[in-house]
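The values are calculated or read from the model by the stated rules, or taken from the named source; none is laboratory data. Here the structure is a predicted model, which is why all the values come from computation and not from measurement. FYI the Cβ positions are ideal-geometry reconstructions off the backbone, even for glycines, and counts take in every protein chain you see.
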Amino acid sequence: MGQIMGGYHARSVDLNSDDNPTFDPQAGFQYERKQREMIAKEEDLISARIPNKYRDYCAHYLLDYQVCRYKEMPLLYRCAHEKHNYLNCEQQDYVLRMKEFERERRLRVRENRISATA
Amino acid sequence: MSSKCIVYGCMFLNVKMSSLLKRALFNNSQSIRKTAALFCNATRNHWNYQYQPGPYPKTPEERAAAAKKYGMTVEEYTPYPEDMGYGDYPKLPDIGEDSKDPHYPYDNPELKRNFNEPLHATAEIFGGDRCDISIRRRFSLLHQWTWFLGTLGGFALLMVFLEDYKIGRPVTAKQIPGQGVHYLFSPN
C-alpha cells in the first residue's frame, strides 16, 4: 500500500518505473562521481555461457559463484559465501537504481519549482 | 479374412446384404473399405427416389399440386427461394421439437410428429436433444449483449483511464555495462 501512496509523488512529475535519468549525472555533486567498472571480462562471460540478462556489473561475482558450484557439486551449501557476495552485489545495484530514481524525481520537482516561480 | 469380419459386422448391425453388394465387396479390394464405411456407419445412409423434392413450382397449379403432395393447404404452403436449391420443399416454421406440446397424443411421440406430417428441411438440428431456436430465452438477447459488452467495455475503459496512474517499482532502468556510462554515488 505504501507503494501506491508513495507513487503519487513520482507520477505527478511524470516519472515511471524503468525510466532513464534525464539530468546531467554530475549536476549538484561537490565531488566527482566514480564510474562503474565492469570487472568480468567479455571472453570469460562468453566462455561460461552466461545469459545476456545476467551480464551486468555484478557478473564477476556470478562467475565465482558458478565456478564454486561446479567444483562443490552436489554439496552446494559450501558455496554460501560466494552466493552471499553475489546477492549483496545485486542488492547494492538495485539500491543504486532506487537512488537514481529518487534523484531524478527531486531534480524534476526542483525544476518545476524553479520554472513556476520564474 | 477382413471381408468376412465386415460381413459379420454388418449382420450384427441388421443391414441387408444384396447380391449386388456381395459382388461389389468381393471383387475389388479398394471398394471393400469404402462399402464397409457406408454400411457399417451408425447413422442411416440410404436414399430413396421419393426423397427427392420436385422442381420449384412456378404456376399456381404446380403450387397446389406441391401443397397436396406435402399434405398442406395452399394457403400455408410456401417454398424456399428458388436459388437455395430446395425445389418445392415447403418452408415450415422454425419450431424445435422441445417447444412442441408434450401432452398432445402424437402418432409418433418420440419425434412429436403425426403420420404424414412434413418434416422441417433442417429437422436434424431441431431434434429434442438438439437445438431449439424457438424457446423463450431465460435472458433476452439484449440483456445478454448488454452484460457482455458492458463487462468487456468497462474493463477496457478502466484500462484506458488508469493508463496514467500506473504503479511501479521506484527504480530507473537496469544499468547494462555496454550501453551508456554509469556512475556510483560516491567519489571512490
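Some values worked out for this structure:
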item: Residues located in the range B:81-107, provided they are surrounded by 13 or more Cβ atoms within 10 Å (Cβ to Cβ) and touching a strand residue (DSSP E or B) at 6+ places or on another chain (Cβ under 8 Å); result: B:Y86, B:G87, B:D88, B:Y89, B:P90, B:K91, B:Y106
item: Candidates B:P118, B:P79 - the one that is touching a residue at least 12 places away in the same chain (Cβ under 8 Å), closer than 30 Å to B:T59 by Cα and not assigned by TED's automatic domain parsing to the domain that holds B:P60; result: B:P118
item: Output for the range B:175-188, where each listed residue is exposed (fewer than 14 other Cβ atoms within 10 Å of the Cβ) and at the interface with chain A (Cβ under 7 Å from one of its Cβ atoms); result: B:V181, B:F185, B:S186, B:P187, B:N188
item: Residue count, the range A:34-51 (criterion: under 19 Å from the mean Cα position of the chain (by Cα) and of a type in the set (D, E)); result: 1
item: Within the range A:64-101, considering residues that are among the polar types (S, T, N, Q) and touching a helix residue (DSSP H, G or I) at 6+ places or on another chain (Cβ under 7 Å), the one farthest from B:H182 (Cα to Cα); result: A:Q66
item: B:K91 being touching a Lys or Arg at 6+ places or on another chain (Cβ under 6 Å) and away from chain A (no Cβ under 14 Å); result: no
item: All positions within the range B:108-132 that are within 22 Å of B:Y80 (Cβ to Cβ) and loosely packed, with under 12 Cβ neighbours inside 10 Å; result: B:N116, B:T122, B:E124, B:I125
item: Residue check for B:E61: over 26 Å from the mean Cα position of the chain (by Cα), modelled with pLDDT of 80 or more, acidic (D, E) and surrounded by 10 or more Cβ atoms within 10 Å (Cβ to Cβ); result: no
item: Number of positions in the range B:155-174 that are surrounded by 10 or more Cβ atoms within 10 Å (Cβ to Cβ) and either more than 7 Å from chain A (Cβ to nearest Cβ) or of a type in the set (K, R) (or both); result: 8
item: Counted residues, the range A:3-52 - those being of a type in the set (S, T, Y) and either in a loop (DSSP other than H, G, I, E, B) or under 15 Å from A:L107 (Cα atoms) (or both); result: 4
item: Qualifying residue in the range B:116-131 (condition: within 14 Å of chain A (Cβ to nearest Cβ) and assigned to a loop (DSSP other than H, G, I, E, B)); result: no
item: Among (1) farther than 28 Å from A:E111 by Cβ; (2) under 18 Å from the mean Cα position of the chain (by Cα); (3) surrounded by 14 or more Cβ atoms within 10 Å (Cβ to Cβ); (4) without any contact (Cβ under 8 Å) to a residue 24 or more places away in the chain - the single one A:E82 does not satisfy; result: (2)
item: Residues (within 21 Å of B:L184 (Cα to Cα) and either away from chain B (no Cβ under 14 Å) or assigned to a helix (DSSP H, G or I) (or both)) located in the range A:53-63; result: A:K53, A:Y54, A:A59, A:H60, A:Y61, A:L62
item: Complete set of residues in the range A:87-118 that are over 30 Å from A:D64 (Cβ atoms), of a type outside the set (D, E, K, R) and in a helix (DSSP H, G or I); result: A:L107, A:V109, A:N112, A:I114, A:S115, A:A116, A:T117
item: Number of the exception - A:F101 against (1) free of Cβ contacts under 8 Å to residues at least 40 places away in the same chain; (2) under 15 Å from B:F185 (Cβ atoms); (3) facing another protein chain (nearest Cβ under 9 Å); (4) out of contact with any strand residue (DSSP E or B) (no Cβ under 6 Å at 6 or more places or on another chain); result: (1)
item: Qualifying position, being within 29 Å of A:I114 (Cα to Cα), at pLDDT below 95 and away from chain B (no Cβ under 11 Å), among A:G28, A:G2; result: A:G28
